[in-house]
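The values are calculated or read from the model by the stated rules, or taken from the named source; none is laboratory data. Model, not experiment: these values are computed from the prediction. So basically every Cβ, Gly included, is an ideal-geometry build from the backbone, and we count neighbours across all protein chains shown. With ligands, DNA and RNA removed, areas are computed over all heavy atoms of the protein, side chains included. Shrake-Rupley method; radii C 1.70, N 1.55, O 1.52, S 1.80 Å.
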Amino acid sequence: MNADQDVVSRRVQVDLDAVGALEDSQVVRGQRVLGRVRGRAPMRDDDLGGHGLAASVISGASDARVGIVLSGGGLRGAAHLGVLRRIVRHRIPIEVMVGVSAGAIIAAYYAAVGLTVHEMIGEAPVFRGRHLVMHGLTLRVHAALRPYLRRFCGIIPERLGQLERASFESLHHGVERLGIVCHDLISNKPRYFSTAEHMGLPLADVARASAAVPGVFPAKTVTVAGERVRLVDGGVGDSLPIGFARSPALGATHLIVSDCRFIVASPPDGSESLVYLRPDLDGIQPLRAPRTALMKAIWRGEAAVTPEVVEHLRSWCAEPSPMVAPSHMTGAPA
């Protein structure tokens, strides 16, 4: 790509992301309204924005509890952001989020920290695989050297500070239940943590452990219910935790499964209540991210959510688009 093409590409991305930011802000209110209508929180006047939409929202309430499963996959997991952006833009309500490894990081920052999809995508152009390697090295060296090495870790130190202040209980964007998968090296079994059952462990510890790739990041040693465990990358034991999302702890009745794993032995069987998405990530490596790789993964994640997929997801709700205001309210063309 020459210099002129690079400038054009960046300008197009800025324009697209500006649209994404506006749509994200419009959707947040709609997701909050849906949660209140379903009886889990009192309705507030500002939720409706003065547009008198309560009746249409109530008529759109559904018994379906839609969840999304975000797989492992290292830096390929950036495609999850593309999948999420399409889902958010089409106002598909997500009440359950489950993540493992890279998917756990995205789920934690979206549902628990409260970052928007647009905010996370905005950092993709400056993120590099080497930042992960340097962060892993920082965790292993003497404490006196860490302040110096953190300068080479990109945005990771700042974002980890936000994660420390998040919890399993205080969630955002309409998400009501969050699940994260780790792997215990001592028992050699997956460990499952959720809003309902996190055994007192801080969200930050669980999310970081879920993405602790062996050999890159050190294991997290903690005590769970009186038992000593050493937690690492959840993808070691359960890289696509569909059963966990459907378990009583999370209770998803309908699932969107975003699979960014490098190797897939056998995809899950599709059904009316499960949509399986496998973005085309050919050429994108789990731990190597050239300058354009993450944005390419995001775009391919969006491409996986086809119009047919959107229509299928909307069929899970009684009203396909209850949160879309009429054009005279939004200024959008009819």
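Taking segment 269-293 as the range and being at pLDDT below 90 and in contact with a helix residue (DSSP H, G or I) (Cβ under 6 Å, 6 or more places away or on another chain) as the test, the residues that pass are I284, P286, L287, R288, A289. Per the conditions (1) assigned to a loop (DSSP other than H, G, I, E, B); (2) modelled with pLDDT under 95, the sole criterion not satisfied by P248 is (2).
Residues are listed down the side, and each one gets a yes or a no for (1) of a type in the set (A, V, I, L, M, F, W, C); (2) buried (at least 24 other Cβ atoms within 10 Å of the Cβ):
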residue	(1), (2)
V66	yes, no
L70	yes, yes
R76	no, yes
A79	yes, yes
R85	no, yes
V88	yes, yes
I105	yes, no
T116	no, no
E119	no, no
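With respect to being on the phi > 0 side of the Ramachandran plot and open to solvent by 40 Å² or more (accessible area, probe 1.4 Å), A196 falls outside the description.
Among the residues of this structure, R165 does not count as one that is touching a Ser or Thr at 6+ places or on another chain (Cβ under 8 Å) and open to solvent by 40 Å² or more (accessible area, probe 1.4 Å).
Take V232 and tell me if it is out of contact with any Gly (no Cβ under 8 Å at 6 or more places or on another chain), open to solvent by less than 10 Å² (accessible area, probe 1.4 Å) and either on the phi > 0 side of the Ramachandran plot or not in a helix (DSSP H, G or I) (or both). Answer is yes for this residue. Of the residues I256, I263, which single one is of a type in the set (A, V, I, L, M) and either modelled with pLDDT under 95 or surrounded by fewer than 23 Cβ atoms within 10 Å (Cβ to Cβ) (or both)? Unique residue meeting the criteria: I263. The single condition from (1) outside any helix (DSSP H, G or I); (2) at pLDDT 90 or above that V83 fails is (1).
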